[in-house]
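Beneath this line is the structure, given in structure tokens, with notes to follow.
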Amino acid sequence: MIEINSDITIEDWEFTESFMRASGPGGQNVNKVSSAVELRFEAARSPNLPPAVKTRLKRLAGRRWTTEGALVLQCDESRSQARNRELIRERLAEMIRKALVAPKRRIATRPTLGSKKRRLKAKKVRGEVKSLRGRVDPEG
């Protein structure tokens with residue numbers, strides 16, 4: 001069980017962990033020990049997450065979100081399988097915590113008169129610089 005906050009907990013049946021051999025350095029150990037962890041969290045079917053949180057989690061997950069609505073995370077940072085399991089569970093919890101925070105609504109504002117004048121003045125100056133770049137008249 002993973003505790004996200006006081007209201008939300010992820011039950012053990014909602015995710016599966018599979019183990020495989022990690023890539024990279026590690027000598028003989030890397031060829032013998034299945035220390036890498038792949039965590040598959042069935043987010044779309046989770047009864048503990050509100051629909052709005054699921055939508056934000058899907059956006060946060062990006063390519064790690066499958067077509068079936070599962071979130072797939074991998075970890076092979078440590079040589080210890082237990083440590084990799086801890087890391088991947090922490091990562092899942094952190095990702096869900098990020099999805100819990102609703103983004104602030106943007107309030108549309110109009111540009112000030114001063115900012116409009118500054119923009120137009122800058123455009124005018126830039127236009128003058130560019131107009132001076134033409135071909136030079138040899139008789140001038």
To the nearest 10 degrees, how steep is helix 113-131 against the longest Cα principal axis of the chain, on a 0 to 90 scale?
70 degrees
Among 88, 96, 107, whose mean-square fluctuation peaks in a Gaussian network model of the chain (Cα, cutoff 10 Å)?
107
Listed residue (73, 62, 19) projecting farthest to the positive dipole end of the range 2-100, Cβ model:
62
Quick calc, the chain, dipole around Cα centre from Cβ unit charges on Lys, Arg (+) and Asp, Glu (-), nearest 20 debye, gives 1760 debye
If one computes the Cα centroid of the range 7-59 and of the range 80-130, what distance in Å separates the two points?
28 Å
After finding the eigenvalues of the alpha carbon gyration tensor for the chain, what semi-axes result from the square roots of 5 times each, listed largest first in whole Å?
53, 27, 12
Helix axis angle, 81-100 relative to the chain longest principal axis, alpha carbon, degrees
50 degrees
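Where a number appears in this text, it was derived from the coordinates with a stated rule and is not lab data. The structure displayed is predicted, hence computed values, not measured ones. Heads up, the Cβs are rebuilt from the backbone with ideal geometry, glycines too, and the neighbour counts pull from every protein chain shown.
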